[in-house]
Amino acid sequence: MSAIRLLVLGAVRQHGRAHGYQVRSDLELWGAHEWSNAQPGSIYHALKAMAKQGLLIAHETAPSAAGGPPRTEYELTADGEAEYFRLLRHALSAPDEKTDVLTAGVGFIVDLPRAEALALLRQRVAALEEWRAEIRRNWTPAEGEDWGHIAEIMGLWIHTAESGDAWTRGLITRLEAGAYEMADDKMI
């Protein structure tokens, strides 16, 4: 999965209706160009592609009063809303995605009800635990075996699983304690 789709859909969703420059400015403000593939060209390409896919509606606007060219504003369709939440849920629960995908998911976690966010993060923990157990079961040298430097790979995988588990459990604890205003908190 590419983080750009989640980032662009999420940024448009936050505005309700946004043009490409607004989306680009938001993503740059969040530093997404540093930790993901959210470069200007990929942002505009994603907007146009997702409009063709029916995830966004493209609205042509009049030229600006300052004399600027007309801009295309984008708005999520029902399919775009569904895709956004599918990507968000995947980003928070899948332990085998790149860090940029998880980072994008955490950036939009507050769009979910607290219980759902917690359930997704618990799925992530369970998957990390299973991955760690699989490594130990299938990819760890038996007593007396010397895998040389290849054993370092397994050590890296174990460390990655353990650090991901610890970070995720910390976020779960913070959410359980009421951190952040979640989607269902806004409805109260």
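The figures follow:
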item: Under 5 Å, built H, 5+ apart or other chain: amide partners of TYR74; result: ALA18, HIS19, HIS59
item: Rel. contact order, % - alpha carbon contacts under 8 angstrom, at least six apart, the chain; result: 20 percent
item: Local net charge near ILE172, Cβ-Cβ under 10 Å (Lys/Arg +1, Asp/Glu -1); result: +3
item: Built amide H within the under 5 Å cut-off of LEU56, gap 5+; result: ALA51, THR77
item: Cross-link reach list, aspartates and glutamates versus LYS186, counting only Cα pairs under 16 Å and skipping chain neighbours closer than eight places; result: ASP111, GLU116
item: Range in the chain, longest, excluding exposed GluC sites (Glu not before Pro) [loop by DSSP; at most 12 other beta-carbon atoms within 10 Å]; result: 1-142
item: For GLU60, net neighbour charge (Lys/Arg +1, Asp/Glu -1) across residues whose Cβ lies under 11 Å away; result: 0
item: Over the chain: helical MRE at 222 nm, DSSP H runs n ≥ 4 each giving -39500 (n - 2.57), nearest 500; result: -20500 deg cm²/dmol
item: Chain lengthening between ALA142 and ILE57 when straightened (0.36 nm per residue, less Cα-Cα); result: 24.9 nm
item: Sparse-neighbour loop sites [chymotrypsin sites (Phe, Trp or Tyr not before Pro); the range 81-188; at most 13 other C-beta within 10 Å; DSSP]; result: TRP147, TYR180
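Any read-out appearing in this document is the output of simple, stated calculations on the displayed coordinates, not a laboratory observation. Keep in mind the model is a prediction, meaning the values are calculated, not measured. In this analysis, Cβ positions are derived from the backbone assuming ideal geometry, glycine residues included, and neighbour counts consider all displayed protein chains.
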